[in-house]
Amino acid sequence: MLELIAVNMAPIMFASLIVFLLLGYPVAFSLAANGLMFFAIGVWLAPLSEHTITLDWPLLFTMPARLWGVMSNETLLAIPFFTFMGFILEKSGMAEDLLDTIGQLFGPVRGGLAYAVIFVGALLGGPAGVVAATVISMGLISLPIMLRYGYDRRIASGVIAASGTLAQIIPPSLVLIVLADQMGKSVGDMYLGSLVPSLVLTGLYMVYVLIMTIIRPSSMPALPPEARTLGSGVPSLIVALAVSCVVAYAAHLWLYDRLGADADVYGALIASVIIYIVAITDRRLKTGVMSRLAQEVIIVMMPPMALIFLVLGTIFLGIATPTEGAAMGAASALFLTAMKGRLTWSLMYQAVLATTKLTSFVMFILLGARVFSLSFYGVNGHLWVEHLLTSLPGGQLGFLIVVSILVFFLAFFLDFFELAFIIVPLLAPAATALGIDLIWFGVILGVNMQTSFMHPPFGFALFYLRSVAPRGPYTDKITGARLAGVTTGQIYWGAVPFVVIQVLMVGITIAFPSMVMHYKGAEVDLSTIEIKVPTLTPLAPGVGTAPALPGPKLGAPVVTP
């Protein structure tokens with residue numbers, strides 16, 4: 001009996017961890033306790049394991065070095081910076097300005113407010129990086145407006161919750177940082193690989209809204225004329241954007257000889273600065289060059305775009321590491337909040353406290369995972385998992401489908417940090433053995449982990465929205481009308497179509513790996529490379545020989561020291 005337990009220690013240890021988690025014990029302590037308990041059992045049963053257990057007490061003395069390796073990891077330092085930036089942005093008023101202005105821009109269109117919520121969620125979700133902050137902000141700002149103008153409560157709830165979860169896949173995302181660290185890959189490559197899938201997912205959300213406005217026009221009516229306070233002026237905005245594109249292209253041509261492939265980024269930066277200065281000058285001097293709507297859209301859009309450039313642009317251009325980019329983003333968020341007059345000591349205290357809590361939560365889970373992995377690897381658990389997954393039928397495709405289904409169901413019970421620290425280190429070696437690119441695999445997991453925030457009945461985004469949505473009838477502050485609240489059932493049913501879209505996006509990412517693999521750049525065809533060896537002309541006799549060194553003459557005395 002003991003021999004059977006010793007040989008099958010890996011699956012028993014993994015099943016024990018699942019039991020601990022299902023019983024409700026904290027993840028960090030479940031990992032550490034499980035690791036230490038099975039370490040002691042493994043040392044005891046090692047002689048009976050037929051050499052499958054390699055644990056011994058001296059191995060435990062390596063634990064301080066393993067924990068220090070986690071705490072001294074500079075890549076993970078980006079987590080507190082991005083978290084701090086997200087909480088500062090939540091209080092900066094930037095989301096309110098964006099939602100109001102973009103809502104006015106799309107107001108004349110059916111579903112305009114829903115488009116605005118998705119657009120702002122994509123624009124601010126990445127820099128904010130925190131689902132709670134994004135969902136709560138948009139729930140407080142957008143939901144009352146959507147209910148005021150007759151939006152279907154299920155659609156409004158689903159749009160807000162789903163847009164908030166875009167923070168998990170749009171760079172710079174905390175999930176992508178953790179996935180890159182756990183897989184031993186570059187954070188910059190993970191960011192670059194996730195760009196296209198995140199934009200496609202955002203587009204799918206908008207396509208769903210478009211379809212619903214066609215099928216059920218009354219579910220998302222356009223804003224009435226009296227609610228469009230900025231008036232019209234879309235042609236003026238189109239002209240301004242066209243001029244910006246011309247300036248960007250001209251700057252690109254001017255800089256290309258010196259900067260090469262990076263010239264397009266700097267060209268876009270120059271054009272953005274010029275159009276922003278023109279909009280500010282036009283509003284101050286009231287010259288009437290632009291419409292009021294064009295002015296507001298440009299002025300409101302530039303700060304978050306500048307923040308995105310400081311974080312992502314510097315990383316992609318190789319100017320800064322992800323940690324340095326995160327630090328610049330946090331400093332820029334403080335500057336933008338101070339410019340709006342909202343930076344107070346109370347806000348700083350709340351942001352630092354929230355950042356410390358989340359960072360401590362992440363570090364405790366990671367330290368517990370290190371204790372667990374020491375024992376799990378000591379019982380050859382990694383080989384057991386790798387053999388189990390690589391023997392699945394279907395090769396790479398079968399592996400990706402099974403793993404996606406596994407992560408989808410585990411997301412019902414585990415947070416994305418827990419999935420990243422527990423499951424990903426076990427899956428990555430199997431993916432490598434099957435020849436799967438780990439950046440592609442990480443993006444697939446990142447898209448899949450989004451569903452952990454949207455799963456009824458445990459989705460955290462749904463709980464965040466529930467906390468700010470009106471539960472019962474309430475009086476609208478603007479119109480004075482008595483409106484019905486939002487039920488929990490409406491929030492859950494509103495999330496279902498977006499969960500289906502997220503699952504569809506997982507399938508699209510698996511089917512079209514080129515959406516991610518572009519991070520490698522253009523492939524080089526080795527057959528087109530020609531190596532020419534120069535032909536050497538033979539030297540004539542006596543040419544090119546070294547001259548003889550002068551020596552003592554014959555018969556001369558030799559002096560030695």
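General observations
- Contacts under 8 angstrom Cβ, first residue in segment 353-365 being farther than 8 Å from PRO80 by Cβ, partner among the charged types (D, E, K, R) and buried (at least 18 other Cβ atoms within 10 Å of the Cβ), 6 or more apart: ILE365/GLU418
- Single residue of ALA161, ALA132 found to be under 25 Å from MET505 (Cα atoms), aliphatic (A, V, I, L, M) and either touching a strand residue (DSSP E or B) at 6+ places or on another chain (Cβ under 9 Å) or surrounded by fewer than 22 Cβ atoms within 10 Å (Cβ to Cβ) (or both): ALA132
- Just one residue in the set LEU353, LEU293, LEU343 is farther than 24 Å from PRO425 by Cα, open to solvent by 40 Å² or more (accessible area, probe 1.4 Å) and part of a helix (DSSP H, G or I); that residue is LEU353.
- You will find that of ALA28, ALA33, ALA15, the residue that is closer than 15 Å to ALA369 by Cα and either without any contact (Cβ under 8 Å) to a residue 24 or more places away in the chain or not in a helix (DSSP H, G or I) (or both) is ALA33 and no other.
- Verdict on PRO80 being assigned to a helix (DSSP H, G or I) and surrounded by fewer than 24 Cβ atoms within 10 Å (Cβ to Cβ): yes
- Any hit, segment 85-94, residues being open to solvent by less than 60 Å² (accessible area, probe 1.4 Å), of a type in the set (Val, Ile, Thr) and closer than 24 Å to ALA331 by Cβ: yes
- Sole residue being more than 15 Å from GLN182 (Cα to Cα), touching a helix residue (DSSP H, G or I) at 6+ places or on another chain (Cβ under 8 Å) and open to solvent by less than 10 Å² (accessible area, probe 1.4 Å), chosen from VAL424, VAL407, VAL402: VAL407
- When the residues of segment 175-196 are filtered to those that are touching a helix residue (DSSP H, G or I) at 6+ places or on another chain (Cβ under 6 Å) and among the small types (Gly, Ala, Ser), the one that is surrounded by the fewest Cβ atoms within 10 Å (Cβ to Cβ) is GLY188.
- Residue within segment 245-260 that is open to solvent by less than 80 Å² (accessible area, probe 1.4 Å), of a type in the set (A, V, I, L, M) and either under 17 Å from PRO303 (Cβ atoms) or assigned to a loop (DSSP other than H, G, I, E, B) (or both) present: no
- Restricting segment 185-233 to residues that are small (Gly, Ala, Ser), closer than 17 Å to LEU438 by Cα and in a helix (DSSP H, G or I), the residue that is modelled with the lowest pLDDT: GLY188
- The residues on offer are LEU179, LEU147, and the sole one that is more than 30 Å from TYR349 (Cβ to Cβ), in contact with a strand residue (DSSP E or B) (Cβ under 6 Å, 6 or more places away or on another chain) and either in contact (Cβ under 8 Å) with a residue 24 or more places away in the chain or of a type outside the set (Ser, Thr, Tyr) (or both) is LEU147.
- Residue that is surrounded by the fewest Cβ atoms within 10 Å (Cβ to Cβ), among those in segment 443-474 that are within 20 Å of ALA122 (Cβ to Cβ) and among the small types (Gly, Ala, Ser): GLY459
One line per residue, one yes/no per condition, for (1) within 19 Å of the chain's Cα centre (by Cα); (2) farther than 29 Å from PRO108 by Cα; (3) at pLDDT 85 or above:
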| position | (1), (2), (3) |
| --- | --- |
| GLU296 | no, no, no |
| MET302 | no, no, no |
| ALA306 | yes, no, no |
| LEU317 | yes, yes, no |
| THR323 | yes, yes, no |
| MET339 | no, yes, no |
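- Residue check, ILE275 open to solvent by less than 60 Å² (accessible area, probe 1.4 Å), in contact (Cβ under 8 Å) with a residue 24 or more places away in the chain and part of a helix (DSSP H, G or I): yes
- Test for THR390: is it among the β-branched types (Val, Ile, Thr) and open to solvent by 20 Å² or more (accessible area, probe 1.4 Å): yes
- Answer from PRO172, PRO108, PRO127 - the residue that is open to solvent by less than 10 Å² (accessible area, probe 1.4 Å), modelled with pLDDT under 85 and either outside any helix (DSSP H, G or I) or polar (S, T, N, Q) (or both): PRO172
- Just one residue in the set GLY446, GLY442, GLY494, GLY459 is under 30 Å from SER142 (Cβ atoms), touching a Leu at 6+ places or on another chain (Cβ under 7 Å), small (Gly, Ala, Ser) and touching a residue at least 40 places away in the same chain (Cβ under 8 Å); that residue is GLY446.
- Of everything listed in (1) part of a helix (DSSP H, G or I); (2) out of contact with any Leu (no Cβ under 9 Å at 6 or more places or on another chain), the single unmet condition for ILE270 is (2).
- From the list THR101, THR52, THR75, the one residue that fits, being polar (S, T, N, Q), open to solvent by 10 Å² or more (accessible area, probe 1.4 Å) and within 30 Å of GLY121 (Cα to Cα), is THR75.
- Contact map, segment 475-491: residues that are open to solvent by 60 Å² or more (accessible area, probe 1.4 Å) paired with residues that are hydroxyl-bearing (Ser, Thr, Tyr), Cβ distance under 8 Å, separation 6+ or inter-chain. Pairs shown: ARG482/TYR474; ARG482/THR475.
- Filtered residues of segment 302-329 (kept if part of a helix (DSSP H, G or I), among the small types (Gly, Ala, Ser), open to solvent by 10 Å² or more (accessible area, probe 1.4 Å) and more than 21 Å from ILE274 (Cβ to Cβ)): ALA327
- Residue match in segment 434-442 (condition: surrounded by fewer than 16 Cβ atoms within 10 Å (Cβ to Cβ) and over 30 Å from PRO26 (Cα atoms)): yes
- ALA326 being over 30 Å from PHE61 (Cα atoms) and of a type outside the set (D, E, K, R): yes
- Checking the stated criteria, GLY435 turns out to be under 30 Å from TYR519 (Cβ atoms), in a loop (DSSP other than H, G, I, E, B) and at pLDDT 85 or above.
The values are calculated or read from the model by the stated rules, or taken from the named source; none is laboratory data. Predicted, not measured: the structure shown is a model, and the values here were computed from it. Backbone-built Cβ (ideal geometry, glycine too); neighbour counts: all protein chains shown. Side chains included, ligands, DNA and RNA excluded: accessible areas come from the protein's heavy atoms. Shrake-Rupley method; radii C 1.70, N 1.55, O 1.52, S 1.80 Å.
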